[in-house]
Every structure is written in structure tokens, then in C-alpha cells.
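Student: Right, I'll just put the structure down here and ask away after.
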């Protein structure tokens, strides 16, 4: 049924329709001529009409093939977003800890039960808390992690390049998201990704193990923007990597700019 609907969609392409009607027209006209519905007295004219109809017939086939080919090219060119979740129940699932090791770092004297957040090759840690602000920009909490007995929820505020708030996520669920500007992807229960309307991943959060998160992405605040890659954190042209920070206080931001 899905395959049939896809073929029907392709048949609605303008080029395919033009080619189809050209085939239909040439077929009806050729049948009319053979049955004598239209008489052509001169042989030279009849041959010219026959060649014209043959040319129009093959032109129609060519246009149809071109229409299908362009549609196929669009499908192959369109970037895929893996594992986008649509079900509301799945969007609300807790982030569960995986059983993966911490990324390599040079930080020392970290307690075994410390809560750690890795961002761009940097590491910040604190005592275990029920709720932590992972990233704060210009005094605005951008990413907040809230702990439940079995896992974590993520809350976030997403700004556009013009500094307008375009989405708000509360406990893994979009509260504000006009025109579906952003989408959530959950490849597994340990990871949450956010994609923009161009299918670019702007936020990546993975719950590595019971005490560690890794966060990457591109974030806009009220005044400045932050880019976090696997190896570094970039803010206003400044690059940060390999920094170790102990965060003191239950309501302190792990990364504040």
C-alpha cells in the first residue's frame, strides 16, 4: 500500500503528467488516422504527420523518464535524519545510563561518585545533584538535567541566530516549537539529539554511564553563541579544551558564559 501511494505521488509530477498527456494525444491521433477519421490525401504529408507523431511519442516517454529521474535525484540528495522519534510516549522517555567509559581526560582527584559533564574536551564535575544546569549563556539556563530515580530528563531553551527563542523543551518534550522548527531524535534510551529544519544536528546529549554525560552542539544565547565539538568548545572566537573544573554548590552552572 505504501509503495502504491509512492507511485501515485510520482505520477502527479508535472513532467510525468506532461509526458503522459503527450503519449495519450499521439495515441488517440494515430488511432483516429488509421480508422480514417481524418483523411490526408498527399503521401508526403501523411509521412510527415507519421514522423511527427512518432517523434512526439518518444518525446513523451523521454519527458516521463526525466520526471521520474528528477524525483529520484531529489530523494537521493535529501539528507536523512536517523531514528527520528514521532511517538509522544517515546519523547517523554527518561535518558537511561549506558555502560560506556568516560572519555579520556587529564583531570585528577575526581571522586568516584562525582557527577561529570564532558563538553568539547573539557570536564566539569560536582557532587551528585537532583538537578544541574549543564550550560548557561548570558545568565540564561540553556540546558538543564533533572534526575529521577531511574534516569534523567532534559530541559532546554533554543535560540535562533537572531536571538529569538524558537523552542522550549521541558522534560524531553517540546513545549514551544512553532512550525516544527526543531525535531527530537532518540537512537536509543541513552541519547537525545535535536535537529533543526534543515536536518542539522544542533544538540547531542549522551548518558555515558551512571555518573557522566557528554554534550555537543551549537547554541545561541541572548547575546552570544557557543559551539561545542568533540574536541573543543568555541565562544566568541576563543577555543577551550582540556580544562578541568570542580563546580561547587547545588545550583551552580557547569559551563557558564
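The values are calculated or read from the model by the stated rules, or taken from the named source; none is laboratory data. On a predicted model such as this, the values are computed, not experimentally measured, just so you know. Here the Cβ is made from the backbone with ideal geometry for all residues, glycine too, and neighbour counts use every protein chain on show.
Student: Is it the case that some residue within the range 178-188 is touching a residue at least 24 places away in the same chain (Cβ under 8 Å), under 23 Å from residue 233 (Cβ atoms) and over 16 Å from the mean Cα position of the chain (by Cα)?
Tutor: no
Student: Among what's in the range 10-60 and is over 26 Å from residue 71 (Cα atoms) and not in a helix (DSSP H, G or I), pick the residue that is modelled with the highest pLDDT.
Tutor: Among them, the one singled out is 35.
Student: Taking only the range 230-244 into account, find how many residues are surrounded by fewer than 15 Cβ atoms within 10 Å (Cβ to Cβ) and farther than 16 Å from residue 124 by Cα.
Tutor: 4
Student: Limited to the range 182-205, what total is found for residues that are in a loop (DSSP other than H, G, I, E, B), out of contact with any helix residue (DSSP H, G or I) (no Cβ under 9 Å at 6 or more places or on another chain) and under 16 Å from residue 167 (Cα atoms)?
Tutor: Residues in the range 182-205 being in a loop (DSSP other than H, G, I, E, B), out of contact with any helix residue (DSSP H, G or I) (no Cβ under 9 Å at 6 or more places or on another chain) and under 16 Å from residue 167 (Cα atoms): 3 in total.
Student: Any residue at all in the range 213-223 that is assigned by TED's automatic domain parsing to the domain that holds residue 160, part of a loop (DSSP other than H, G, I, E, B), modelled with pLDDT under 85 and surrounded by fewer than 15 Cβ atoms within 10 Å (Cβ to Cβ)?
Tutor: Yes: one or more hits.
Student: Now, a different point. Can you tell me how many residues in the range 134-167 are closer than 17 Å to residue 225 by Cα and either in contact (Cβ under 8 Å) with a residue 40 or more places away in the chain or outside any strand (DSSP E or B) (or both)?
Tutor: Of the residues in that region, 18 qualify.
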